[in-house]
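Contents: one structure, followed by commentary.
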Amino acid sequence: MANAPAFEDAVTLAKENPTLGVGCHLVLVGGPPVALPQHVRSLLDGNDRLPDSLAAFVARVSSGRARAKEIEIELGAQIERVRAAGIEPTHVDTHKHTHVHPVVMSALGRVAQALGIQRVRNPVENLHDSWAATRNGAKERVRNLAAAAAVRAVASWFHGIAGKYGLRSPSCFLGLTLTGQVSAAALHRFIDGLPDGTSEIMVHPGIADADLARTGSRLQQQRQLELDALLDASVRRATTDGGVRLISYRELN
């Protein structure tokens, strides 16, 4: 996240792990712009910050108040900041999946084409997988199911725009409905049911400490849960036993 407080630390960690595939997580919701405020004024609130909520951003872009050209400027500035730090992004995706909006996806397609980026996250989850994930029915899962259904509704737009700009994605996406709840058991279920081809499982791993609490993120202990799941030895064995090969976006073709 090129506009985030821990950007420099993330760059350091990435350089210490050169085989890691690192994408640019583009931000149109929350935080300061990377571009000069006067160049992206239609995207900003009265405090020269990007909108705090997804709903506020969607209202702004759907009404036409957020100009497509200024979205391009901000997305390009974020990618260029990552590159200037010495990191070549393997792919792009967006905070809160804002690129499923056709206006944003079109702007992203133009920027990606201009900057030579060829891979993008496809956050469209198969609704059968989403529905299966909501069994045992926590309220949070039901809300996430609604989000997955909303994303699915614009799937044809997404695929059409991605194809126009030559952007590739894994063929299967998992984890949206289980955001913050991808335990080791959930990873086992995902791995056991993976289709042929390439799949991305979205997770939000992190260390639940005072620094995380100060960010105000809605995901706190959930990040620790998902970190622990990824480090679970039985999960790694399941990938090996199931013939699953772990790759980065760099190897996606």
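The values are calculated or read from the model by the stated rules, or taken from the named source; none is laboratory data. No experiment lies behind these values; they were computed from the predicted model shown. Cβ placement follows ideal geometry from the backbone for every residue including glycine, while neighbour counts extend to all protein chains displayed.
Which members of segment 214-225 meet the condition of being part of a loop (DSSP other than H, G, I, E, B) and not hydroxyl-bearing (Ser, Thr, Tyr)?
First pass over segment 214-225, keeping only residues part of a loop (DSSP other than H, G, I, E, B): 216-220.
Hits for segment 214-225 are GLY216, ARG218, LEU219, GLN220.
Looking at segment 7-51, which of its residues are touching a helix residue (DSSP H, G or I) at 6+ places or on another chain (Cβ under 7 Å) and among the aliphatic types (A, V, I, L, M)? Selection gives LEU20, VAL22, LEU26, VAL27, LEU28, VAL29, VAL34, ALA35, VAL40, LEU43, LEU44, LEU50. The residues of segment 228-243 that are exposed (fewer than 13 other Cβ atoms within 10 Å of the Cβ) and of a type in the set (Val, Ile, Thr) amount to a single one, THR240.
This table checks each residue for (1) surrounded by fewer than 18 Cβ atoms within 10 Å (Cβ to Cβ); (2) polar (S, T, N, Q); (3) not in a loop (DSSP other than H, G, I, E, B).
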position: ARG83; (1), (2), (3): yes, no, yes
position: THR90; (1), (2), (3): no, yes, no
position: ASP93; (1), (2), (3): no, no, yes
position: LYS96; (1), (2), (3): yes, no, yes
position: HIS99; (1), (2), (3): no, no, yes
position: MET105; (1), (2), (3): no, no, yes
position: LEU108; (1), (2), (3): no, no, yes
position: ALA112; (1), (2), (3): no, no, yes
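Within segment 29-68, the set of residues being more than 23 Å from GLU80 (Cα to Cα) and of a type in the set (S, T, N, Q) comprises ASN47, SER53, SER62, SER63. Filtered by the rule that a residue be touching a His at 6+ places or on another chain (Cβ under 9 Å) and of a type in the set (Lys, Arg), segment 216-253 gives ARG223, ARG250.
Have a look at ASP228, ASP211, ASP196 and point out the one that is at pLDDT below 95 and assigned to a helix (DSSP H, G or I). Talk me through it step by step, then tell me what you get.
Details: ASP228 fails: at pLDDT below 95; ASP196 fails: assigned to a helix (DSSP H, G or I).
Answer to the check: ASP211.
Among the residues of segment 153-173, is there at least one that is modelled with pLDDT of 95 or more, of a type in the set (D, E, K, R), surrounded by fewer than 16 Cβ atoms within 10 Å (Cβ to Cβ) and touching a helix residue (DSSP H, G or I) at 6+ places or on another chain (Cβ under 9 Å)? Yes. For residues that are in contact (Cβ under 8 Å) with a residue 40 or more places away in the chain and over 18 Å from VAL154 (Cα atoms), scanning just segment 51-75, find the one that is surrounded by the most Cβ atoms within 10 Å (Cβ to Cβ). That would be LEU75.
Pairs are defined by a Cβ separation below 7 Å, a sequence spacing of at least 6 or placement on different chains, a first member in segment 167-179 that is farther than 20 Å from VAL111 by Cα and in a strand (DSSP E or B), and a second member that is of a type in the set (D, E, K, R) and at pLDDT 90 or above; the pairs so defined are PHE173/GLU200. Checking each residue in segment 9-43 for being farther than 27 Å from LEU246 by Cα, surrounded by fewer than 20 Cβ atoms within 10 Å (Cβ to Cβ) and over 18 Å from the mean Cα position of the chain (by Cα) picks out PRO32, LEU36, PRO37, GLN38, HIS39, ARG41, SER42.
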